[in-house]
Amino acid sequence: MKKIRIGAATGFYGDSIIPAIPSITDGNIDYLCFDALAELTMAILQKDRQKNPEWGYTKDIGPFMETLLPLCVEKKVKILTNAGGINPLGAKKVVDEIIKRLNLDLKVAVVYGDDMMSNLEELKQNNLLVNMQSKESFKHNDYELLFANAYLGAKPLVEALQQGADIVISGRTIDAAQFAAPMIYEFGWEWDDWDRLAKGMTIGHLMECSGQAVGGNFSGDWRSIDLINIGFPIAEVDELGEAIITKAPGTGGLVSRDTLKEQLLYEVHDPYNYILPDVVVNIADTCLEDIGENQVRVYGSTGKPATDTYKALIGYADGYMAEAIFGYSWPDALEKAKSASEILIAHMERDKLLYEDIDISYIGYNSMHRSVINEPDPDLNEVFLRLAIKVRKRSDGTRLSRIVSPLGLSGPPFLAGMLGRGRATQLLGICPILIPKELVEKQVKVEM
């Protein structure tokens, strides 16, 4: 029975590529796939492109390719990534230049057409600018829009592989599709073979967050796991869609039923109906079975027909956040911090600093669990007050700095470790919508 081996690289923009290197050199993989995009990432990339129209892709794609390509050529490993962000053509240009400089013979395919910014007026005319959660109409002309992208599935990635690509760079294709596309291509799965598509997407979902599947963020016995030398997951998949998840020999981390079970449920709202562009997955049918050291068998996922819509996400500027963080030490650290927050609120009212929302927390006491925490320990060594406000104008946010600073000499004893003084940063608002697939697919392109 034919099998392929797929390795995971980065799980987000900013992740390390180093744990993926042993997968190439010692993991006997055929494909290396990495996800690079999140909602916040798209906004970051849009701001990059506003500074320079040539940007808009993840900037680490250049140094990553410099490192990976010679190894991938030697081991005959193909690469898929959505690091193209909102400018996949720009990312391809960067990679092409590296290939030329390294004197390599590689074909690069680019997938684009997920950008819906130019389609918003058409979508409005068709009453499609409706928030899929609140059901409220989205008045796009009322906002400074940052991005609008449909979430594409594996189809254009498979098309790129069919054209002979060694490297596939895309824009907003979903995370799991980077991993499922090689399976669909290599095994010739049909687009209505729902159970096998579901199995492929489930494996992709297990792989897409890289280190999180192999012991990172593990809530079990994390102390016994070597996270210093963590290796990223590898999936050995057969043509029926069953897989063994493992990692490269000699690397740290842990592959177990429990580490994978946590990743399986990550970011899934309904395990019985996990809606993806190419299939609706019932991951509740998924079986995870420990079969050896750092080896877990994955099987059983089932699927249902895909929906006739793509999810798209519109990102827009949604005001600013101004934040101040500073600490107080024992004795009475929490009492001092609470007194400081009362002073700040009174002074904001005095200075007529109006805000739309406010959040006050005490780091070291309640910043994570809020209402479920126990009564405060009166002997806390230190507590940091965090006060954040949402304002409509950046200038209103920066006014917070003038209100915060006097606490240095005119507040409770003794203020220390000031980490923020009211610097205003832009907030991102998002509106998820559903778009008929035919409106998106007519503009999706695959180019070599």
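The values are calculated or read from the model by the stated rules, or taken from the named source; none is laboratory data. Quantities reported herein were computed from a predicted structural model and do not represent experimental measurements. As a convention, Cβ positions derive from the backbone with ideal geometry for all residues, glycine included, and neighbour counts pool all protein chains shown. What goes into the accessible areas is simple: the full protein's heavy atoms, side chains included, and nothing from ligands, DNA or RNA. Shrake-Rupley method; radii C 1.70, N 1.55, O 1.52, S 1.80 Å.
Numbers at a glance
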item	result
Hey, S401 under 30 Å from L40 (Cα atoms) and either free of Cβ contacts under 8 Å to residues at least 60 places away in the same chain or surrounded by fewer than 13 Cβ atoms within 10 Å (Cβ to Cβ) (or both) or not	no
Odd one out for A165 among (1) in contact with a helix residue (DSSP H, G or I) (Cβ under 7 Å, 6 or more places away or on another chain); (2) open to solvent by less than 30 Å² (accessible area, probe 1.4 Å); (3) under 28 Å from D26 (Cα atoms); (4) of a type in the set (A, V, I, L, M, F, W, C)	(1)
Residue in the range 185-210 that is farthest from N273 (Cα to Cα), counting only those that are open to solvent by 10 Å² or more (accessible area, probe 1.4 Å) and touching a Leu at 6+ places or on another chain (Cβ under 9 Å)	E186
Unmet criterion (only one of (1) in a helix (DSSP H, G or I); (2) free of Cβ contacts under 8 Å to residues at least 40 places away in the same chain) for D290	(1)
Given (1) open to solvent by 10 Å² or more (accessible area, probe 1.4 Å); (2) touching an Asp or Glu at 6+ places or on another chain (Cβ under 7 Å); (3) modelled with pLDDT of 95 or more, number of the condition T67 does not satisfy	(2)
Lone unmet requirement of (1) touching a strand residue (DSSP E or B) at 6+ places or on another chain (Cβ under 6 Å); (2) modelled with pLDDT under 95; (3) in a helix (DSSP H, G or I) for V440	(2)
S395 over 28 Å from the mean Cα position of the chain (by Cα), surrounded by fewer than 14 Cβ atoms within 10 Å (Cβ to Cβ), closer than 21 Å to E349 by Cβ and not aliphatic (A, V, I, L, M)	yes
Residue within the range 51-59 that is modelled with pLDDT of 95 or more, assigned to a helix (DSSP H, G or I) and open to solvent by 10 Å² or more (accessible area, probe 1.4 Å) present	no
Total residues in the range 372-389, condition under 21 Å from I325 (Cβ atoms) and outside any loop (DSSP other than H, G, I, E, B)	8
The lone exception for V255 - which of (1) touching a helix residue (DSSP H, G or I) at 6+ places or on another chain (Cβ under 6 Å); (2) surrounded by 22 or more Cβ atoms within 10 Å (Cβ to Cβ); (3) closer than 23 Å to A284 by Cα; (4) of a type outside the set (G, A, S) it fails	(1)
Conditions (1) in a loop (DSSP other than H, G, I, E, B); (2) modelled with pLDDT of 95 or more: number failed by V281	(1)
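Residues are listed down the side, and each one gets a yes or a no for (1) assigned to a strand (DSSP E or B); (2) touching a residue at least 60 places away in the same chain (Cβ under 8 Å); (3) not polar (S, T, N, Q):
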position: Y310; (1), (2), (3): yes, yes, yes
position: L313; (1), (2), (3): yes, yes, yes
position: D318; (1), (2), (3): yes, yes, yes
position: S339; (1), (2), (3): no, yes, no
position: E342; (1), (2), (3): no, no, yes
position: A346; (1), (2), (3): no, no, yes
position: L353; (1), (2), (3): no, no, yes
position: D359; (1), (2), (3): yes, no, yes
position: N366; (1), (2), (3): no, no, no
